[in-house]
Amino acid sequence: MVSDCKVFLGKKDHLLMSSRTIRAMPGGNLSVHMEFPRADGCHQLDAEYLRVGSEGHFRVPALGYLDVRVADTDYDTFAVLYIYKELEGALSTMVQLYRDLPSPHHCEPRSSQGPCCASGRTQEASPQATKAFQDFYPTVGLPDDMMVMLPKSDVCSSAGKEAS
């Protein structure tokens with residue numbers, strides 16, 4: 001993850017890797033369940049990514065995400081997301097690397113909610129994913145010193161949730 005957000009920069013050395021479950025909805029929107037490991041346990045949040053225009057282009061009003069774009073993906077193992085957002089009255093840019101994207105046929109479909117695709121993030125990224133991420137974020141003006149590869153945590157895993 002890399003960002004010029006002042007909140008992120010102040011906390012980046014203490015953050016842990018989050019995870020997402022993404023469900024494709026009719027009309028091209030995405031229903032996203034997020035889990036963030038914190039010192040006091042697993043924080044969960046649900047948000048709808050609203051499709052804007054072309055495929056892979058969204059906005060997320062609930063999170064202050066004004067512009068979300070899939071910058072690069074191989075549609076199987078990784079996606080690089082560009083996010084332009086507003087937080088605490090300040091505009092910022094963020095680029096995230098998502099890894100281990102199971103194909104939709106690995107998900108359990110839920111009756112009226114359409115097809116699904118789970119998206120996780122693991123510690124290791126393929127060389128192709130890492131290169132795509134490292135090649136992209138400088139193109140939006142983000143320098144290397146604003147980048148951090150977040151460490152994995154089991155706080156939000158099944159085992160971690162049972163322990164808390």
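The values are calculated or read from the model by the stated rules, or taken from the named source; none is laboratory data. Because the structure is a prediction, the values reported are computed rather than measured. For neighbour counting, all protein chains shown are included, and Cβ atoms are generated from backbone atoms with ideal geometry for every residue, glycine included.
Scan region 106-145 residue by residue and report those that are in a helix (DSSP H, G or I) and either under 17 Å from the mean Cα position of the chain (by Cα) or at pLDDT below 85 (or both).
Once the filter is applied, which keeps residues that are in a helix (DSSP H, G or I) and either under 17 Å from the mean Cα position of the chain (by Cα) or at pLDDT below 85 (or both), region 106-145 yields 106, 111, 112, 113, 129, 130, 132, 133, 134, 136, 137.
Do we have any residue at all in region 30-38 that's among the charged types (D, E, K, R) and touching a residue at least 24 places away in the same chain (Cβ under 8 Å)?
Taking every residue of region 30-38 in turn, at least one turns out to be among the charged types (D, E, K, R) and touching a residue at least 24 places away in the same chain (Cβ under 8 Å).
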key: Search result, residues across region 1-16 that are over 20 Å from residue 59 (Cβ atoms) and buried (at least 20 other Cβ atoms within 10 Å of the Cβ)   = 2
key: Subset of region 87-105 (residues that are more than 20 Å from residue 153 (Cα to Cα) and either modelled with pLDDT of 95 or more or aliphatic (A, V, I, L, M) (or both))   = 87, 90, 91, 92, 93, 94, 95
request  = For region 17-31, name all the residues that are outside any loop (DSSP other than H, G, I, E, B) and either surrounded by 15 or more Cβ atoms within 10 Å (Cβ to Cβ) or at pLDDT 90 or above (or both).
outcome  = 19, 20, 21, 22, 23, 24, 28, 30, 31
task = Kindly indicate whether residue 4 is free of Cβ contacts under 8 Å to residues at least 40 places away in the same chain and of a type outside the set (Gly, Ala, Ser).
result = no
